[in-house]
Structures are given as C-alpha cells and as structure tokens.
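Engineer: Got a structure here, written out as structure tokens. Questions coming.
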Amino acid sequence: MLMLPMPRRSGRGPSRIHAARVDDDWISLILADGRVLRLPTAFSTPLFLASPAERRTWRINSTGRTIRWPSLGVAVGIKREVRREGAMRGR
C-alpha cells in the first residue's frame with residue numbers, strides 16, 4: 001500500500017478521505033477539510049491499466065485513511081506526518 005504523508009496543521013486533527021476521483025492520469029483524494037491530494041495514476045500498474053469502470057469501484061475504509069480498489073488489489077493511504085523538532089535540530 002502506498003502511504004502519502006500529510007502536512008501537519010497546527011490545532012487540527014488529521015483529515016480523512018471524503019471522496020476520490022480517478023481518471024486516466026490522476027488519482028485525486030478529496031479530504032474532509034477541503035484539501036485535495038493528487039498522485040499520478042501510473043504509480044500503480046493495475047490502476048493505470050484498469051478500465052474507467054474498474055477505477056470507479058473504490059471504497060474508503062472505516063477510519064477514512066485508506067482507499068481501496070478491491071477488484072484490483074490496490075490501496076492508497078494517508079498518514080499524518082510527524083514533526084520532530086529535536087530531530088530537525090540534530091538532537
């Protein structure tokens with residue numbers, strides 16, 4: 001499964017996937033807070049080769065963090081990027 005890092009937003013919890021759009025070139029994940037994450041369809045050979053009908057058969061898991069195409073065996077997830085200030089300063 002491909003995991004996309006989410007930029008940290010101060011004062012907010014991590015967002016969830018609300019919907020998705022998939023075309024020949026892009027997978028667009030629409031998040032509940034209005035942000036859109038896009039990645040090329042070509043990152044996944046099964047998605048790239050799938051028919052438009054197969055690309056439309058996605059499901060969002062119960063946590064709202066992963067979208068799956070069960071018939072293709074493909075999953076894309078989002079994770080909250082952890083910011084470690086000590087690590088950034090070499091501690």
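Engineer: Mind checking the full-extension length gain between ARG35 and PHE48? Use 0.36 nm per residue of separation minus the Cα-Cα distance, one decimal, nm.
Structural biologist: Full-extension gain reported as 2.3 nm.
Engineer: Give, as a single signed number, the net charge of other residues whose beta carbon lies under 11 Å from the beta carbon of PRO46, with Lys and Arg counted +1 and Asp and Glu -1.
Structural biologist: 0
Engineer: Return the FRET efficiency for the residue pair ASP23, SER62: r is the Cβ-Cβ distance, R0 is 35 Å, and the value is rounded to the nearest 0.05.
Structural biologist: The computed FRET efficiency comes out at 0.85.
A short reminder: the numbers here are calculations on the coordinates, not readings from a lab. Nothing here was measured: the structure is a model prediction, and the numbers come from that model. Here the Cβ is made from the backbone with ideal geometry for all residues, glycine too, and neighbour counts use every protein chain on show.
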